[in-house]
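One structure below.
The values are calculated or read from the model by the stated rules, or taken from the named source; none is laboratory data. Everything numeric here is computed off the predicted structure, so don't read it as measured data. Note that we place each Cβ from the backbone using ideal geometry, even for glycine, and neighbour counts take in every protein chain shown. The protein model used for the area step is the full one, side chains on, heavy atoms only, and it has no ligands, DNA or RNA in it. Shrake-Rupley method; radii C 1.70, N 1.55, O 1.52, S 1.80 Å.
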Amino acid sequence: MLSCAKSVCLSFVVSFLLICSAYAGSLPGAPNCPMFPANNVWNVDISNTVTYPVDPNSANYLANMATGTGLHPDFGSFAGYGIPYNVVSSAQAKVLVNFSAGAPTESDNGPYPIPSNPNIESNDLAACSSPAGNGDCHILIVDKDACILYELDAAATQGPGSWTAFSGAIWSLKSNALRTDTWTSGDAAGLPILPGLVRYDEVQAGLINHALRFTMVNTQKAHIYPARHDASSKLNTNLPPMGLRLRLKASTDISHFTPQAKVIAQAMKTYGIILADNGSNWYISGASDPNFDDNDLGALKTQLHGSDFEVVNTSGLRNGSDSSTATVNIAPGGALKYVDVASNTSTTTIPVNTTVQWNWVDGSHSHSTTSGSCPGGVCTADGKWDSQVNGLGNVFINTFNTVGTYPYFCSVHNAAMKGTVIVTPPSDYSLTISNSGILIFPGQTAPFSGKLTTSNGYNNTVNLSCGTGHPATCTPAPPSLTPTPGGAGFLVNASDVTPNDYTFNVQGIGTDTLQTSHAASVTLHVVDFNLTAPSPSTLTTAVSTNPTTTPTASFQVSISGSAFSGIVNLSCGGLPGGATCNFLPSASPFFSGPGSQAATVSITAAGNTAAGVYPLTVSANTAGAPAAKTQPLTVQVVDFTQGTPSPSPLAMTQNAVSQPVTFQLTPIAGFNAPVTLSCAALANVSCSFSPNPAIVSGSPVTVTLTVTTNGAAVSNPTLTIQSSATVNGVALSHSQSLTLNISAGGTTTDLSISSLISQPDPVEVKGPISITATAHNTGTNASNVNVSIYFSQPVKVINATLPGGCTLNTGIVTCAVGTLNAGSDAPYTIQIVPGPGRNLIITATVNSTSVNDSNPTNNVATVTAHIRPKPLARRGLVPRIP
């Protein structure tokens, strides 16, 4: 326990100086008794977040602990609140307590030094003793001479010397001994109550140097050290177990708190609070005192809430060395001797820090246990302990914290009744782990190697477990074993799938009565690596006789886990023959700790690689990993084909425009690019393509070629049709041959109406209809060309749609084309509104006033537009028939 610092002591009044001079934390009236040893868990400073980190399950616990509720000090100036305590001397008469209606098998039989009118919780002994009861009715008693704490739950009296209680527990304030595991006490958690109370003497002094007791409505059917008992049937592992320790967050500002509230809040930051009983949420226990300022304490209710706390990982926190009580019976059968129940002699041999309990079993004499020696038959007390003279049923406890030999005698019978306590070094064991800090990948298992080594004859079985914060799988093998002088070996197999640093304790709990505990801290580093999908997911190059390289795809290589330090090796799988994989900035990025690095990949294909789609994998791997991480990547080596032209050969005259020649461009392996078309030069022969360039993507594209001769020689030349494209800088080229059969002639003009279109069809009366008439010239150029459009019934021509050069006269549309060159088209589109006739015949003609037309039969075209009457305005209305 912390002692009063000089600067603190000087800041308070003389009464506090008196407190400082006693055992740290001792009660007023019992200055020689500590409130348990300084290394007891109640007295440990848990504010260091490195030594005592936040419990990994903190958020889940708090989610089930009504964190919006304000803190409630369950004590104050009114004596009816809180849990009071009593201080008595060893001269206080002891009485037996009947536990038969409560927990007799988990209670200490006593007797208990209960004053005639004790301070009792609720401050109403009569109400506590009534059939209806009056709450918990705890009685806490400290024997200031023997430093023994007695605690009763649900205490009641039926008259002088007649007491009942639900349960009772007796504690040596100089000992770290715990209750037998699964035993209750005055508290549901099996803990002592008094060391967790807020007391006015501490608040007045400005320092509370121990944890505080608190209650919750909903708890788990479980308990953790130092609790020994639980009182719930709820199996939800996110409910708080008994013994759970929390602390007020360091970030919580308490600088503005009023004096009494500030001292209490600081204690909750430094020492925390321990869940000890079922009760109202966030009720902090204390001993009421008229000097408490209830308005001051009220700040705790309004300014602190459950959300201001965090759960502490106390898996490595254990009491200092101690053992259970050794028992000596005084004068069994009336014989003047002390009998140790283990050795059956008057000599009790115990390890250091053991508590010895003397039981008075002689009904005919009174005796004492008084430390001292009897040289020459003359006994002299040495002041180490003295039970005073007592009779049947009395119990006296003394804890031996120093190795040595301690003689004692009965002050009534002197040298005729002697005993000896021999205190040996502690029987103990050590728990060590030789290889903490193992690094694994998800799915792998780390074997931590441990040893249990005995000292001073410790030979109890030790149960092994993994403390709070351990990874998902943590299994000691074997789960229990007995320490040996050379060290009994065991393994702890640990693994997890989530990258993290898992620092936890490998814990050993002995099966001795103290449940001697030791722990070794170990760290498991779970690390992992990964790579994202390359973007884009497909890389493209083209067929070539030389090596070609695709553009790059980007991706990220990442590391999870702080302990990773090494190289991640990148590679490609499934490459076509002769291809290579190129990584930038490196195929072996180095990492030291978590993070990510950007990278790119490109593929170099060998010359003459066949067109095709090649599925690849990009892989990342590193030393020690169970398997590589992969992502898919596709490489396309693309091309296209140029189909055979049709018709072939192509018959033409010396001055003519050919009929359409068609061929297809077909993509291969995902080709997607424009293809430019051309013809190799021939004298007086020209080519035109539609479309040009042709966008070739996904499916074949049909190209139309028109060949024009302008006085070409009579011959049979070969026309080379060429197609070319560029894919990511790689040139592709294909060609096909077309034979021209050029004959003499071709000096005349042949005008024609190449198409006459009427849309839509049918159309309702009052349309409109769109009419397109296209004139075409095959042969020599023609001038003074006119196109005329006639209608079989009266129509209304929408003047606004007349193209330039077109006029309307008596229902006929005439368009002056002018010169129409060989191989050229002249399209004209107008809109009309038809009359009510059912069929409208539209006729288009073409003629020239300056040239003779070699074939006038194709100068006229007709089309019929079908006219649909307008629907009636109202449904169901039938016109009258005259």
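Structural remarks
- When each of PRO869, PRO827, PRO794 is tested for being modelled with pLDDT under 85 and open to solvent by 40 Å² or more (accessible area, probe 1.4 Å), the lone residue that passes is PRO869.
- Among (1) more than 23 Å from SER658 (Cβ to Cβ); (2) open to solvent by 40 Å² or more (accessible area, probe 1.4 Å); (3) not basic (Lys, Arg) - the single one PRO691 does not satisfy: (1)
- When restricted to residues that are out of contact with any strand residue (DSSP E or B) (no Cβ under 7 Å at 6 or more places or on another chain) and under 26 Å from ASN218 (Cβ atoms), the stretch 33-56 contains 4.
- Pairing residues of the stretch 161-183 that are more than 15 Å from VAL95 (Cα to Cα) and in a loop (DSSP other than H, G, I, E, B) with residues that are of a type in the set (Gly, Ala, Ser) and at pLDDT 90 or above, at Cβ distances under 7 Å and at least 6 apart in sequence or on separate chains, gives PHE166/GLY102; PHE166/ALA103; PHE166/ALA154; ARG179/ALA169; ARG179/SER185; ARG179/GLY190; TRP183/GLY190.
- Selected residue (criterion: nearest to the chain's Cα centre (by Cα)) from residues of the stretch 96-115 that are among the small types (Gly, Ala, Ser) and open to solvent by 40 Å² or more (accessible area, probe 1.4 Å): ALA101
- Restricting the stretch 554-576 to residues that are small (Gly, Ala, Ser) and not in a strand (DSSP E or B) leaves a set whose member that is surrounded by the most Cβ atoms within 10 Å (Cβ to Cβ) is GLY561.
- Subset of the stretch 631-647 (residues that are free of Cβ contacts under 8 Å to residues at least 60 places away in the same chain and either part of a strand (DSSP E or B) or crowded, with 18+ Cβ neighbours inside 10 Å (or both)): SER646
- Among the residues of the stretch 442-481, the ones that are under 26 Å from ASP428 (Cβ atoms) and open to solvent by less than 40 Å² (accessible area, probe 1.4 Å) come to 14 in all.
- Members of the stretch 660-688 found to be surrounded by 15 or more Cβ atoms within 10 Å (Cβ to Cβ), in a loop (DSSP other than H, G, I, E, B) and among the hydrophobic types (A, V, I, L, M, F, W, C), listed by number: ALA669, PHE671
- Wholly enclosed strands (runs of 3 or more DSSP E) of the stretch 271-367 bearing at least 1 residues within 18 Å of LEU212 (Cα to Cα): 273-278, 283-285, 309-311
- Filtered by the rule that a residue be more than 30 Å from GLN597 (Cβ to Cβ), among the hydroxyl-bearing types (Ser, Thr, Tyr), open to solvent by less than 50 Å² (accessible area, probe 1.4 Å) and part of a strand (DSSP E or B), the stretch 485-539 gives a lone residue, SER517.
- Screening the stretch 251-276 for residues that are more than 17 Å from GLY206 (Cα to Cα) and surrounded by fewer than 23 Cβ atoms within 10 Å (Cβ to Cβ) and picking the one that is farthest from the chain's Cα centre (by Cα) gives ASP253.
- Candidate set: the stretch 845-866, residues that are part of a loop (DSSP other than H, G, I, E, B) and buried (at least 17 other Cβ atoms within 10 Å of the Cβ); chosen: the one modelled with the lowest pLDDT: VAL851
- Qualifying position, being in contact with a Ser or Thr (Cβ under 7 Å, 6 or more places away or on another chain) and open to solvent by 30 Å² or more (accessible area, probe 1.4 Å), among ALA579, ALA623, ALA598: ALA598
- In the stretch 599-623, the residues that are free of Cβ contacts under 8 Å to residues at least 24 places away in the same chain and aromatic (Phe, Trp, Tyr) form no Cβ pair under 8 Å with any partner that is in a strand (DSSP E or B) and crowded, with 16+ Cβ neighbours inside 10 Å, whether six or more places apart or across chains.
- Among residues of the stretch 435-469, those that are farther than 14 Å from HIS518 by Cα and either in a strand (DSSP E or B) or touching a residue at least 40 places away in the same chain (Cβ under 8 Å) (or both), counted: 17
- Of all the residues in the stretch 349-380, those that are open to solvent by 10 Å² or more (accessible area, probe 1.4 Å), among the polar types (S, T, N, Q) and either modelled with pLDDT of 95 or more or on the phi < 0 side of the Ramachandran plot (or both) number 7.
- Across the stretch 147-156, the number of residues qualifying as over 46 Å from the mean Cα position of the chain (by Cα) and in contact (Cβ under 8 Å) with a residue 40 or more places away in the chain comes to 5.
- Pair list, Cβ < 9 Å and 6+ apart or interchain, from the stretch 121-146 residues that are on the phi > 0 side of the Ramachandran plot to residues that are β-branched (Val, Ile, Thr): CYS137/ILE120
- Count of the stretch 386-425 residues which are open to solvent by 50 Å² or more (accessible area, probe 1.4 Å) and under 60 Å from the mean Cα position of the chain (by Cα): 6
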